[in-house]
1. What do you reckon, is Ala385 small (Gly, Ala, Ser) and surrounded by 14 or more Cβ atoms within 10 Å (Cβ to Cβ)?
2. Among the numbered conditions (1) within 11 Å of the chain's Cα centre (by Cα); (2) touching a residue at least 40 places away in the same chain (Cβ under 8 Å), tell me where Thr192 comes up short.
3. How many residues does the stretch 143-159 hold that are in contact with a strand residue (DSSP E or B) (Cβ under 6 Å, 6 or more places away or on another chain), modelled with pLDDT of 90 or more and over 16 Å from Gly226 (Cα atoms)?
4. Give me a count of the residues in the stretch 148-164 that are free of Cβ contacts under 8 Å to residues at least 40 places away in the same chain and either touching a Cys at 6+ places or on another chain (Cβ under 8 Å) or not aliphatic (A, V, I, L, M) (or both).
5. Can you name every one of the strands (runs of 3 or more DSSP E) wholly within the stretch 269-380 that holds 3 or more residues which are of a type in the set (Val, Ile, Thr)?
6. Of the conditions (1) more than 16 Å from Glu187 (Cβ to Cβ); (2) modelled with pLDDT of 95 or more, Tyr209 clears all except one; give me its number.
7. When you scan the stretch 221-230, do you find a residue that is under 21 Å from Thr168 (Cα atoms), within 23 Å of the chain's Cα centre (by Cα), surrounded by fewer than 19 Cβ atoms within 10 Å (Cβ to Cβ) and touching a residue at least 24 places away in the same chain (Cβ under 8 Å), even just one?
8. Take Val185 and tell me if it is of a type in the set (Val, Ile, Thr) and in a loop (DSSP other than H, G, I, E, B).
Amino acid sequence: MLREKTIVLGVCGGIAAYKAAELVRLYVKAGAEVHVIMTRSAQEFITPLTFQTLTGNPVHCELFNLLQEREIGHISLADRADVFVVAPATANVVGKVASGIADDLLTTTLMATKAPVLFAPAMNVNMWENPVYQQNQAKLAALGLRFVEPATGFLACGWEGKGKLADTGHIFEETLAVLMPQDLVGETVLVTAGPTREEIDPVRFVSNYSSGKMGYALARAARLRGARVLLVSGPSALTAPWGVERICVVSAEEMRNAVLDRWGEVSIAIKAAAVADYRPARRSERKVKKADRESLSLELEKNPDILAELGLRKGDRFLVGFAAETCDLLENARKKMRAKNLDLMVANDVTQERAGFDVDTNIVRLLQPDGTEEALPEMTKDEVARHILDRIQSLRKGT
């Protein structure tokens, strides 16, 4: 998402300045071109050479230096930015920008840019809570500039409280969000992900190979586009995407209850979980011992069909289902779409290489009730997620 994008990163003077180096590394790894502006105070904490080494570009520190023979530095940097990030942002710089003061290279470039601006504040807790600072931040936010709230913890000054620079991974995610269309603002998107586990006894269970990667990618993509996201997840080793509310469940029954509990809040539901169709009819309270048995039979009973139940309760919500098949892909997927009253079906053949469970890529077909079908080539699951959301939005708008 950052490939061929230009990020101008302003680094202000504060102990958190060293963390900006890690943020630069994330941007560069994602394919972005990064240009760093450092205030004079920032250079007291970290050297320009560090950022020049990481970005491969000169670091800009002086207002009255030309980048090239005919380029005025702050104008050139302001024009080339796709997004302007200030991390760490001090109370001083936020206050100057809020007051229209442009007296160094960073504030002058900020005043000149038309790119979206993202501030990541870092300061002492008392400075953060100061009403003057809060008014300055609120003023800039009202003008459309965006902020990543600082974290709470032990501060370098010895105080405990809010003011730590946000995690660099969170700043990275917010940078992506700035560049994404915010067409899901005001929507609540519910995503189910991962497998379910149906216990045989305290140490064994029936489950499947789902890792949750597709569902987590969908939750992340929806959050980046401005949605409030509820992620109902079966057991998964994945970390919940930044800004997403994860609701952890284990069994199909628990997943059903969690989904129905939040159903009244939802405008879009995407059922990407691999829910077990059956569960043991009886769960043993103790470990089933091998003893002298040569075989063991399990009696299974049907789990509740969550997707079918949601189809009956759909109302004006948009409902998306997944069909992971091993044969007769289109026939089975279309049958499931009709039976569950879906607005969109995402079908994939899990026997295909790089399209099954626990891989980072997928090969899917998007099916609509009117018979329209779109076959997507192999993509990363993040790319597939963005494409699915594009299709959801186009169908909702009737385009």
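1. Criteria met by Ala385.
2. It fails just one condition, (1).
3. Going through the stretch 143-159 one residue at a time, the tally reaches 2.
4. Residues meeting the conditions: 11.
5. none
6. All conditions pass for Tyr209, except number (2).
7. yes
8. It is true that Val185 is of a type in the set (Val, Ile, Thr) and in a loop (DSSP other than H, G, I, E, B).
The values are calculated or read from the model by the stated rules, or taken from the named source; none is laboratory data. In this text the structure is predicted, and so the values were computed from the model without any measurement. Every residue, glycine among them, receives a Cβ derived from its backbone with ideal geometry; neighbour counts consider all protein chains shown.
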